[in-house]
Amino acid sequence: MAVVIDLIGSTVIAAMILLSVFGLIGNLNHTTVEKTYCLNMQTNIVTLARIVEYDLLKIGYHVSKPAILYADSTSLSFKSDLHKSGDSVIVRYSLSDLLQSTVLATQNPRDRMFYREETGQPTIEANIGLTYLKFRYLDSLGVETTDLNAIRAIHVKIGIESHDSMEVCTETECTEDHTSAMMYDGSFWEKTIYPRNL
């Protein structure tokens with residue numbers, strides 16, 4: 001009888017250990033996916049921020065005035081000799097609308113396509129999880145302006161979120177009794193850029 005009790009006890013302990021190992025593996029996989037999303041977003045926002053900052057610092061470089069051709073909260077068009085070749089190019093930033101098919105293919109309903117157009121170059125279309133892009137234009141006193149000739153600084157805000165959602169529970173565990181919500185990991189960058197040639 002003692003042997004049977006020992007076998008039952010060993011089986012119960014082995015089952016508990018196996019369940020703990022499976023739970024640990026599930027948590028590890030979940031954490032790995034979250035970290036991968038986070039790394040991708042950080043890489044995307046750093047790359048986009050570097051491109052935008054490089055371009056905006058060159059506004060008006062070796063070109064005739066006006067250097068800024070169009071400016072609103074989500075798009076910007078300007079002239080510059082970006083490549084120091086002596087040729088003036090026009091660079092334009094813009095966003096897609098929310099109903100474009102390439103962004104409708106992602107789970108995130110706030111995704112937008114980012115476009116960078118440059119004279120003589122193919123248009124860059126990036127579906128990198130951009131959900132927020134806003135330009136503000138400042139004059140020499142730091143006051144917001146809409147006068148293209150008065151712009152001396154550009155404040156840029158960029159927000160990127162993951163394409164795929166993660167389920168987040170409102171309680172400590174996801175069970176049938178608790179509600180869950182879909183959340184998108186995000187990253188945010190903002191900076192005021194002062195082009196030297198404005």
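The values are calculated or read from the model by the stated rules, or taken from the named source; none is laboratory data. In this text, all values refer to a predicted model and were calculated from it rather than measured experimentally. Using ideal geometry, Cβ is built from the backbone for each residue, glycine included, and neighbour counts are taken over all protein chains shown. When the accessible area is computed, the model is the full protein with side chains, heavy atoms only, and any ligands, DNA or RNA have been set aside. Shrake-Rupley method; radii C 1.70, N 1.55, O 1.52, S 1.80 Å.
Numbers for the structure displayed
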item	result
Residue-normalised accessible area of the chain, given per residue in Å² at a 1.4 Å probe	62 Å²
Estimated dipole of segment 1-116 in Debye, rounded to 20 [Cβ of Lys and Arg +1, of Asp and Glu -1, Cα centre]	500 debye
Normalised alpha carbon radius of gyration of the chain [divisor 2.2 N^0.38 Å]	1.56
Accessible-area composition of the chain, carbon plus sulfur, in percent [1.4 Å probe]	58 percent
Value in Å of the Kirkwood radius, where segment 52-140 supplies the Cα pairs that are averaged	14.2 Å
Non-local Lys pairs in the chain, i.e. 8 or more apart or on different chains, that have alpha carbons under 13 Å apart	6
Helical mean residue ellipticity (222 nm; -39500 (n - 2.57) per DSSP H run of 4+; nearest 500) of the chain	-11000 deg cm²/dmol
Dipole in debye (nearest 20) - the chain, about Cα centre, beta carbon charges: Lys, Arg +1; Asp, Glu -1	1200 debye
Segment 56-100 - Rg and Dmax from Cα coordinates, angstrom	12.2, 39
Approximate spin-label separation Phe22-Leu148, in nm, with each point projected 7 Å along Cα-to-Cβ	6.5 nm
Accessible area (Å², 1.4 Å probe, nearest 10) - Asp147	80 Å²
Acute angle (nearest 10 degrees) that the helix 2-57 long axis makes with the longest principal axis of the chain, alpha-carbon atoms	0 degrees
